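Please treat every number below as a calculation from the coordinates, not as lab data. Bear in mind the structure is a predicted one, so any value in this text is a computation, not a measurement. We place every Cβ from the backbone using ideal geometry, glycine too, and count neighbours over all the protein chains shown.
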Amino acid sequence: MPKISIRPVTLRRIVETIDLSVKRGGIDDHILSTTLQTTQRRAHEILSELQRMKLLETDGTNYIPNKDTNEFINAFQEENWERIHTLLFNNYSFYRAFIDTINEKLCSTSFSKDVLQAILTNEPEHNFNCTAIDLLCDWSERLGALQRNRYTCRYYVADQSMDIDQFPSILQTTYEEFNVKPRAGMRQEYVEIARIRESLCEKQRRKERHLIVY
C-alpha cells in the first residue's frame, strides 16, 4: 500500500483559508484561488489537505467549517499555540506521527533534520520527504512543540523543569566553551550573549530564552 504524501500548507494559509470559510459559510476552489490569488489547482490542494486535517468538511460542492474550525480560529486569535498543537495532533495523522516519533526516540537529545528524516523514513503510512520535514519542523517550532538552536539549527523538545541551583555552573561552563583563545596567552573578551543563550537553552531544553538577557 503506497504511503500518504503531504500537501504542504503553511500555518498562515491554514488560518487564511479557514477564516474565509467561516466568514462565507463555505468555499470552493474558485473562491479560494481568487481570494489567495493562486491557481485553482493549488486551491484544491489546500482545501483537500485541510479536509484531511479535519478543519473543513465537504458537502460535495463546498468546503464548510465545523466545530474544530471555529476552535482553531479562536485559539489563533487568543495566541493559544498549545491548543492549536493539540488540535493538529488529534486531527492530523501526519503531525501526530511526526510528534510521536520525536517523543519516543528523540525527546532526550537534540537532533538535525537529517537525523529526523532518517528515522521517519521507516514510518509505515506516511511519506516524510524533505518538504514534509521542513513544514512540520516549522509548525512545531511556531507552536512550541520543538525549539531550535538558531546557530546550529538543531531541534530539541523543550522541558519546563530546571534545577535553578545548577544554573550558575551551567552558565559558566557554557561561557567557557565559547570563550576560546584566539592565540596563545590571550582570551576572547567578548562572547555573543545570544549564542550562549541558545546553547544553554538547548542543554537545559528550555522554552524561555529570556532566562539569560544580560
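How much FRET efficiency would the formula 1/(1 + (r/R0)^6) give for Gln77 and Cys107, where r is the Cβ-Cβ distance and R0 is 35 Å, rounded to 0.05?
Values: r = 31 Å, r/R0 = 0.87.
It comes out at approximately 0.70.
Of the GluC sites (Glu not before Pro) in region 101-160, the ones in a loop by DSSP (not H, G, I, E or B) with at most 13 other beta carbons within 10 Å are Glu125. Sort region 1-90 into rounded, prolate or oblate with this rule: let a ≥ b ≥ c be the square roots of the eigenvalues of the Cα gyration tensor; rounded if a/c is under 1.5, and if a/c is not under 1.5, prolate when a/b is larger than b/c, oblate otherwise. Verdict is oblate for region 1-90. The shape of region 85-149 comes out rounded: with a ≥ b ≥ c from the C-alpha gyration tensor, a/c is under 1.5. If you take all other residues with their beta carbon under 11 Å from the beta carbon of Gln117, and give Lys and Arg +1 and Asp and Glu -1, the sum is -2. Computed from the C-beta positions of Thr121 and Arg195 and an R0 of 35 Å, the FRET efficiency is 0.60 to the nearest 0.05.
Residues whose amide H comes within less than 5 Å of that of His126, counting only those at least five positions distant or on another chain, are Ile4 (H built at 1.01 Å from N in the peptide plane).
What's the Kirkwood radius of region 47-140 in Å, using all Cα pairs? Each step should come with its number before you reach the end.
Details: mean 1/r = 0.0688 Å⁻¹.
Result for region 47-140, one decimal place: 14.5 Å.
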